[in-house]
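Visitor: Below: one structure in C-alpha cells.
The values are calculated or read from the model by the stated rules, or taken from the named source; none is laboratory data. Predicted model, so just to flag it, every value in this text is computed and none were measured. Cβ coordinates were reconstructed from backbone atoms using ideal geometry, including for glycine residues, and neighbour counts include every protein chain displayed.
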Amino acid sequence: MKALLKYAAGDGHVEVRDVDDPVCRDDQVKVEVAFCGVCGTDIHVLHDTFRNFPPVILGHELSGTVVEVGGRTRAVPLGQRVAVLGATTVTCGECEYCRSGYFIFCGRRRGMGHGVNGGFARYVAARPDQLYAVPDRMSLEEAALSEPFAAIVQAVLEIGQVRAGETALVSGPGPMGLLCLKLLAAEGVRTIVAGTAADRERLAAARRFGAEAAVDVETGDLAGAINDVTGRRGVDITFECAGHPASVRACLDALRPMGRHVQVAICGREIPFPIDRIFYKQLTLSGSVCYTARTWARMFQLFDEGKIALADLVSHKLPITEWRSAFDLCLNREALKVLLYPV
Ligand SMILES: [Zn+2]
Ligand SMILES: [Zn+2]
C-alpha cells in the first residue's frame with residue numbers, strides 16, 4: 001500500500017512510499033482508512049520538532065471501515081464504520097496514569113502517527129478497544145474529526161466544566177478553536193472568538209458556527225465586544241487555542257474576577273506572563289492535553305444524540321500524494337480542517 005512515511009530521523013525525510021500492508025494479529029482488526037485529518041503534530045513530525053520513531057507512517061485522526069477481524073476479536077462486525085483512538089496503541093497498562101485512565105502520561109506510551117504506524121495509508125491495524133462505532137447519520141469525514149474533538153470535549157466539559165448561560169472567549173480560530181466554539185455553542189455558552197487578519201475565513205466561519213462576536217484583534221475592538229456580550233463583567237472562561245503570547249495575555253485580560261483559563265494550544269517556547277493578573281483576579285489556570293477513553297465515550301454519546309454537527313468544518317479533502325499542499329494549507333491558515341484520503 002502507499003503510505004506517507006517518515007523514513008528517517010531529522011528535519012524532512014517524509015514522502016509517500018510503497019510499504020507492506022499491516023498484518024492483522026489475532027487480537028486486532030484491520031481498518032481500511034477513509035479519511036485522516038492533518039494536524040499541527042504532523043507538521044512537527046515532518047520537521048522533527050515532535051518526538052517520533054522512524055520509519056513510521058504519519059497521521060492520527062482517522063476514520064474507516066473494518067475489513068478484517070482477528071481470530072480472537074469476533075465481537076467486531078466486518079463493515080463496521082469506526083473512528084480510531086490511535087493514542088493508546090502502546091501503553092504499559094500498569095503505571096498510576098494507565099490505571100487511572102490518564103494513559104496520555106504513561107512514560108512508555110506510543111501513539112499512532114509518530115510512535116507507531118498511523119492513518120495516512122490504506123490500512124491500519126488496531127485493537128477492538130481502540131474503535132468507536134460511528135452513528136449512521138454521521139459521515140466518515142465527520143468521524144475523522146473525533147480525535148481533535150475529543151481533546152476539546154476534555155477541555156470544555158471535563159476541565160472547563162462549562163454551564164449553560166456562561167460566557168467564553170476562544171482565542172485562536174484554527175480547527176481546534178472552531179471545534180471549541182461548536183461545543184460551547186451546543187452547551188449554551190455565549191462565545192466570542194478572537195483571531196488576526198490572516199484568519200479572515202476562519203472568523204467568518206466562527207460567525208456561521210454561532211459565535212456572539214468574531215473579532216480580528218488587529219483592526220477590531222475585542223475589549224468592546226467582550227463588554228457588549230458580558231455587560232462589562234468579563235467572560236467566565238477562556239480557551240487559548242492559538243499558542244501565542246499576545247493571545248494568552250488577551251485571555252487573562254478578558255476574564256472576570258474568579259474566572260477560569262484553559263490552555264489548549266502549545267506556545268512552543270517560554271513567554272512573558274502577567275502572573276499578577278492571576279493574583280488580583282483570583283483566576284484558575286488549567287492545561288488540557290488530549291483525553292481519556294472516558295472522554296471518547298462521552299463524545300460518542302454527544303454524536304449519538306445528534307447534538308453536534310462537524311461536517312461544515314471540513315474545507316479540503318486531498319489524496320495522501322498531495323500531502324505537501326495539505327500541510328501548506330494548514331500553515332497558511334487558508335483552510336478550516338484538511339483531510340487526506342488513501343490512494
Ligand atoms: Zn492531532
Ligand atoms: Zn503506563
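Visitor: Is there a residue being free of Cβ contacts under 8 Å to residues at least 40 places away in the same chain and either of a type outside the set (S, T, N, Q) or out of contact with any Leu (no Cβ under 9 Å at 6 or more places or on another chain) (or both) anywhere in the range 21-44?
Guide: yes
Visitor: Which one of these does Pro148 not meet: (1) in contact with a Cys (Cβ under 6 Å, 6 or more places away or on another chain); (2) within 16 Å of ligand 1 (Cβ to nearest atom)?
Guide: Going through (1) in contact with a Cys (Cβ under 6 Å, 6 or more places away or on another chain); (2) within 16 Å of ligand 1 (Cβ to nearest atom) one by one, Pro148 breaks only (1).
Visitor: Continuing with this model, one more query. Among the listed residues Leu157, Leu78, Leu131, identify the single one that is free of Cβ contacts under 8 Å to residues at least 40 places away in the same chain and more than 15 Å from ligand 1 (Cβ to nearest atom).
Guide: From the options Leu157, Leu78, Leu131, the qualifying one is Leu78.
Visitor: Same structure again: Any residue in the range 90-108 that is in a loop (DSSP other than H, G, I, E, B) and within 16 Å of ligand 1 (Cβ to nearest atom)?
Guide: no
Visitor: Right, something else. Give Ala144, Ala164, Ala125, Ala75 a once-over and let me know the one that is at pLDDT below 95 and on the phi < 0 side of the Ramachandran plot.
Guide: Ala75
Visitor: Mind checking which strands (runs of 3 or more DSSP E) fall wholly inside the range 280-343 and carry at least 2 residues that are under 18 Å from Ala155 (Cα atoms)?
Guide: Because the criterion is at least 2 residues that are under 18 Å from Ala155 (Cα atoms), the strands (runs of 3 or more DSSP E) in the range 280-343 that meet it are 284-287.
Visitor: Still on this model: So Gly86 ticks every box in (1) within 16 Å of ligand 1 (Cβ to nearest atom); (2) touching a Cys at 6+ places or on another chain (Cβ under 8 Å); (3) of a type in the set (Gly, Ala, Ser) but one. Which box is left unticked?
Guide: (2)
Visitor: Could you please give the count of residues in the range 134-145 that are of a type in the set (Gly, Ala, Ser), buried (at least 22 other Cβ atoms within 10 Å of the Cβ) and either outside any loop (DSSP other than H, G, I, E, B) or away from ligand 1 (no atom under 16 Å from the Cβ) (or both)?
Guide: Summing the residues that are of a type in the set (Gly, Ala, Ser), buried (at least 22 other Cβ atoms within 10 Å of the Cβ) and either outside any loop (DSSP other than H, G, I, E, B) or away from ligand 1 (no atom under 16 Å from the Cβ) (or both) in the range 134-145 gives 1.
Visitor: Quick one: which of Phe279, Phe273 is free of Cβ contacts under 8 Å to residues at least 24 places away in the same chain and more than 19 Å from the chain's Cα centre (by Cα)?
Guide: Just a single option satisfies the conditions, and that option is Phe279.
Let's see how each residue does on (1) closer than 25 Å to Leu329 by Cβ; (2) more than 16 Å from ligand 1 (Cβ to nearest atom); (3) part of a strand (DSSP E or B):
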site	(1), (2), (3)
Gly10	yes, yes, no
Asp20	no, yes, no
Asp26	no, yes, no
Thr65	no, yes, yes
Glu68	no, yes, yes
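Visitor: Now a separate question. Which one is nearest to the chain's Cα centre (by Cα), of the residues in the range 73-104 that are within 8 Å of ligand 2 (Cβ to nearest atom) and either within 11 Å of Ala126 (Cβ to Cβ) or not charged (D, E, K, R) (or both)?
Guide: If we take residues in the range 73-104 being within 8 Å of ligand 2 (Cβ to nearest atom) and either within 11 Å of Ala126 (Cβ to Cβ) or not charged (D, E, K, R) (or both), then Phe103 is nearest to the chain's Cα centre (by Cα).
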